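Some notes on the structure that comes next.
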Amino acid sequence: MSERRAPDWLTQWEYAHRGLHSDGVPENSLGGAEAAIAAGLGIECDIQRSLDDFPMVFHDWEVDRLTGQSGNTGSFLANELESMRLEATEQTPVRLGRLLDLVDGRVPILIEIKSRPDYDPDPTSANVQNCLQNYRGDFAVMSFDPRVAIWFRANAPDIPCGLVMREDEIGYTRTEAERRKAFEQAQPDFLAYHIAALPNPWVAMLRAKGLPIIAWAMASPECRARALDCADVLVSEGEGLA
């Protein structure tokens, strides 16, 4: 657990999961970002790395689900990704810099850097940090991978950095031992926890000690009501929005 205090703005907002997406407005799109801003919501987004090392606002490791094309996201150049259509709309994947230009400090942004065990997240972390150097709005970074928090703590300690966790078969922290180890490695400024695993005695203890807890991703009124009792921040979508 980090000894420093997370920024006050972090817990003063609700965040739209992958932007405020809906029918005709794809996830992680500029349209979804504009919709979130219009609704008075912060924006949570995902970052993948293009073949030429640009941080792209995109969730999946493959382009298939969202673009109708096929292939690994990281095997395409940034301009190739930007030429693809998201869910048969006019929206396209964009570089992080374009999202920052659009938001322009109007709402805060939570930036999740995607990673996995066979992947080196350091170049992505460095490229994200480079994009953020001159950005004047509120933002924080986070990842399932504790190596991201380690990188930011060493190279950009002024940037708030959180750890994302879930307890099911997906991700890094399927067991309690893995969760404790990742937490100790990351020393996060906040913890983003999957709503399916909340409430949780360990998370409640960390929250009682002052660590901000983000619950994600609320997709129903039931999940929302549960999260309001055990978390400080909600990342929501669909019917989970107020």
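Ligands, DNA and RNA are left out, and with a 1.4 angstrom probe the accessible area of region 131-235 is 45 Å² per residue. Its Kirkwood hydrodynamic radius, worked out from the mean inverse distance over all distinct Cα pairs, puts region 29-147 at 14.5 Å. Relative contact order for the chain: 18 percent, from Cα pairs under 8 Å spaced at least 6 residues apart, divided by residue count. Close amide H pairs (under 5 Å, H built 1.01 Å from N) link Arg49 with Met56, residues at least 5 positions away or on another chain.
Along region 86-92 the Karplus relation, 6.51 cos²θ - 1.76 cosθ + 1.60 evaluated at θ = phi - 60°, assigns HN-Hα couplings of 8, 6, 6, 9, 7, 6, 10 Hz to successive residues, with x for each Gly and Pro.
The amide H of Phe139, built 1.01 Å from its N in the peptide plane, has Ile109 as neighbours under 5 Å, considering only residues 5 or more places off or on other chains. Using the alpha-carbon centroid of each, what span in Å lies between region 83-138 and region 210-242? Between the Cα centre of region 83-138 and that of region 210-242, the gap is 23 Å. Under the convention that each Lys and Arg Cβ holds +1 and each Asp and Glu Cβ holds -1, the size of the dipole of region 87-208 around its Cα centre is about 240 debye. Give me the angle, in degrees from 0 to 90, between the Cα long axis of helix 221-230 and the longest principal axis of the Cα atoms of the chain, rounded to the nearest 10. Approximately 50 degrees, to the nearest 10. Note that region 98-106 has calculated 3J(HN,Hα) couplings of 5, 5, 4, 4, 5, 5, 6, x, 6 Hz, one per residue in order, obtained from phi through the Karplus relation 6.51 cos²θ - 1.76 cosθ + 1.60 (θ = phi - 60°); glycine and proline are x.
The residues of region 84-123 present an accessible area of 45 Å² per residue when probed at 1.4 Å with all protein chains retained. Across region 36-41, computed HN-Hα scalar couplings (Karplus, 6.51 cos²θ - 1.76 cosθ + 1.60, θ = phi - 60°) run 4, 4, 4, 8, x, 10 Hz from first to last residue, x flagging Gly and Pro.
The values are calculated or read from the model by the stated rules, or taken from the named source; none is laboratory data. Here the structure is a predicted model, which is why all the values come from computation and not from measurement. Glycine gets a Cβ as well: all are built from the backbone with ideal geometry, and neighbour counts include every protein chain shown. Side chains included, ligands, DNA and RNA excluded: accessible areas come from the protein's heavy atoms. Shrake-Rupley method; radii C 1.70, N 1.55, O 1.52, S 1.80 Å.
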